[in-house]
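Just so you know, all these numbers are worked out from the coordinates, no wet-lab data involved. All of these numbers come straight from a predicted model, not from anything done at the bench. Here the Cβ positions follow ideal geometry from the backbone for every residue, glycine too, while neighbour counts run over all protein chains shown.
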Amino acid sequence: MSRLALYGRIYAMFLRNSLIRDMSFKVNFLLWIVVELLWFAAQLIFLEVLFSHVDRIADWSKWQVVALIGTHQLISQIFQALFYMNLSNLPELVRTGKLDTFLLLPVDSQFSVSVRQFGLDNVVTGLVGIGIITFACAKLGVRPDLLTVALYGLAILLGVAVHYAIMFSLATMSFWIVRAQGLIYGYYSLINLSRNPQDVYRGVFGFVFTWIVPVILVANVPARILTRADDPRLPGLFSLAAAALLALALSRLIWKLALRRYSSASS
Amino acid sequence: MKYRKAFALGVQNTLVYRWNFLLKSLLGLVPVAGALYLWSALYRARGGAAVSGYDFSQMVTYFVLTLVAESLITPAEEEWQISADIKDGRVSAYLLKPIEYPVFRLVLYPAARLVSTAVTLVPITIIVAIVWSHLVLPPNATAWLAGALSLALAGLLQFFVSFAVATLAFWLLEISTLVFIVFSFEYFLSGRLFPLDLMPPYFRIVSEWLPFQYEMYFPIAILLGKIDGTALWRGLAIQAAWVILGWLGCRWLWSCGLRRYQAVGG
């Protein structure tokens, strides 16, 4: 059996287990959907409050920012469906030594640690995000052509990669620090910068979070492609692609270092 | 005496998490800085005109004060520690000792805050230094005193909410979903996202009777001089009432939980 087929079969198994799990804890499953929708609603209320005082912020109109927030929602829900639960469990796996089980599987350990549980609830909340984006586009009178949709989709996937790399790096801190459980919420602190139009950021702060920890680009690049036809597309897309590849490479490096630390700690 | 020992123990236990506090508070600066950039863009678009009575300096001060208040009063690991004590059966050990667990926890809480405040002093100094020219001081002695008192009450209230949520571990296998739901409500309704003055009047009327705004918004609004006179005393009275209710609620939940706990163990 080829390596790819092996990964495919293992992933299918993970997926099946996750669905069974979600369906056996139905209340929990529904509650998470409610939580996610509450947060999303809070953001939209916040926007409504902001735009009751101005027409445009840093040259972004209200519905452009709604599309931006919808895009942010879509990217984070895809990320959370695939990876979130796994990465937030990682510190606990390290602390209790349950990580050993994952190291024994005949697949790459970063793969199995990252994707074992799939969050079905995030599929629901992701669809709500798509609904909001579509609504914002209609309000803006934007009718994207096929190329735009394709570029938008690509930018979304690159954004998911950045999300992954950031949360993965935070979660692997647990190899060095006791109880990094609280620390991984720092993921929200960083990634939520992407909900604001990138033009509001200035100075050193803007530079650091655009180019060094590239969180600001994540939702901004796809949202610009979709709703701001006058902005140039390719520079943003290229910087996001470079950022995603670099971030993934870095996460790989950190994992290798962390594993070395883990095995030396247990001996 | 025995609770003084508990306090020292709390300081020691929390020192283990000093790196967590430092990293967390550094990361905690990021969203506040992000919010300040967004607001400064908004004030630019308005040509500097005030928003719901807040000029730009007051808005900056509001967000800096939420950061300071957070390191002074917001429980950090308490929910997880208490629920872990319950789930792992460590509560039994406390039943044999001549101390009451809720009181014991109440003593540990300021000890933990002492450490978290000490550790977060560095990042907070950094942000205060950066926005120094925009900070406004409380307008008078009443604002200082009432603000400090209200902040202490807000701390108690936050602790009681955490404690109450943690005791649900007696009944539920997994409390993290609930912790997150409560946190979501607290975050929005306590005014951490923006000052509640920006919300419409009907929201403010409801919010005045709910506990959430007394966990963060209320003391900060006092310190900014937004609340004074009758409104101030009325607010403090409602806040004190919620604190007392919170403590009674925690004791009640704890004794209900213990009864169930013993029933399971026996």
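Taking every residue in B:181-187 and counting other chain Cβ atoms within 10 Å of its Cβ, the average works out to 3. Where does helix B:56-73 land angle-wise versus the long Cα axis of chain B, in degrees 0 to 90, nearest 10? Computed tilt is about 10 degrees. So what does the Cα-only Debye profile of chain B read at q = 0.08, 0.11, 0.15, 0.17 Å⁻¹, as log10 I(q)/I(0), no solvent term? Treating every Cα as an identical point scatterer, log10 I(q)/I(0) equals -0.36, -0.66, -1.16, -1.42. Each other residue within a Cβ distance under 13 Å of A:Ser18 adds +1 if Lys or Arg and -1 if Asp or Glu, for a net charge of +1. Near A:Gln110, once Lys and Arg are set to +1 and Asp and Glu to -1 for all other residues with Cβ below 11 Å from its Cβ, the sum equals +1.
In sequence order, the range B:84-99 has phi-based couplings of 5, 4, 6, 5, 7, x, 6, 4, 3, 4, 6, 5, 7, 8, x, 10 Hz under the Karplus curve 6.51 cos²θ - 1.76 cosθ + 1.60, θ = phi - 60°, and Gly or Pro positions carry x. A Cα-only calculation for the range A:104-224 places Rg and Dmax at 17.1, 54 Å. Taking 7 Å steps out from each Cα toward its Cβ at B:Trp209 and B:Ala240 produces label points 2.1 nm apart. With the highest mean first, a sort of the peptides A:23-30, A:76-83 on other beta-carbon atoms found within 10 angstrom per residue produces A:76-83, A:23-30.
Put in line by how crowded their Cβ is, counting other Cβ atoms within 10 Å and starting with the fewest, B:Met216, A:Met85 read A:Met85, B:Met216.
Expressed as a fraction of 2.2 N^0.38 Å, the value expected for a compact globular protein of N residues, the C-alpha radius of gyration of the protein assembly as shown is 1.00.
Helix A:85-96 and the longest principal axis of the Cα set of chain A meet at an angle near 30°. The simple spin-label model puts a point 7 Å past each Cα toward its Cβ; for A:Leu127 and A:Asn17 those points are separated by 2.6 nm.
Projection of the Cα convex hull of the range B:142-229, averaged over all directions and equal to a quarter of that hull's surface, yields 6.2 nm². Look at the stretch B:36-46: the mean tally of other chain Cβ atoms within 10 Å of its residues' Cβ atoms is 6. Listed values for the range B:103-116 are Karplus-derived 3J(HN,Hα) couplings in whole Hz (6.51 cos²θ - 1.76 cosθ + 1.60, θ = phi - 60°), namely 5, 4, 5, 5, 6, 5, 4, x, 4, 5, 5, 4, 5, 5, and x replaces Gly and Pro. For the protein assembly as shown, the residue among B:Ile238, A:Leu127, B:Trp132 whose Cα projects farthest onto the positive side of the dipole built from Cβ charges is A:Leu127. What do you get for the angle between helix B:18-45 and the principal long axis of chain B? Use alpha-carbon atoms, 0 to 90 degrees, nearest ten. Relative to chain B, helix B:18-45 is tipped by roughly 30 degrees.
When B:Thr66, A:Thr148 are sorted by how many other C-beta atoms sit within 10 angstrom of their C-beta, beginning with the fewest, the order is A:Thr148, B:Thr66. For the peptides B:178-186, A:189-197, A:95-103, A:223-231, the ranking by packing is A:189-197, A:223-231, B:178-186, A:95-103, with the highest mean count of neighbouring Cβ atoms within 10 Å listed first. Distant-in-sequence amide contacts of A:Phe118, defined by a placed amide H-H separation under 5 Å and a gap of 5 or more residues or a different chain, comprise A:Ser18. Each of A:Cys137, B:Cys250 was scored by other Cβ atoms within 10 Å of its Cβ. Listed from fewest to most, they are A:Cys137, B:Cys250.
Shown for chain A is the translational diffusion coefficient from the Stokes-Einstein equation, using the Kirkwood radius over Cα pairs, a temperature of 4 °C and a viscosity of 1.567 mPa s: 66 µm²/s. Which whole-number percent gives the relative contact order of the range A:1-135, counting Cα pairs below 8 Å spaced six or more residues apart? Relative CO of the range A:1-135 lands at 40 percent. Peptides B:12-19, B:105-112 ranked from most to least packed, by the mean per-residue count of other Cβ atoms within 10 Å: B:105-112, B:12-19.
For chain A, the 222 nm mean residue ellipticity estimated from helices alone, with every DSSP H stretch of n ≥ 4 adding -39500 (n - 2.57) and the total spread over all residues, rounds to -24000 deg cm²/dmol.
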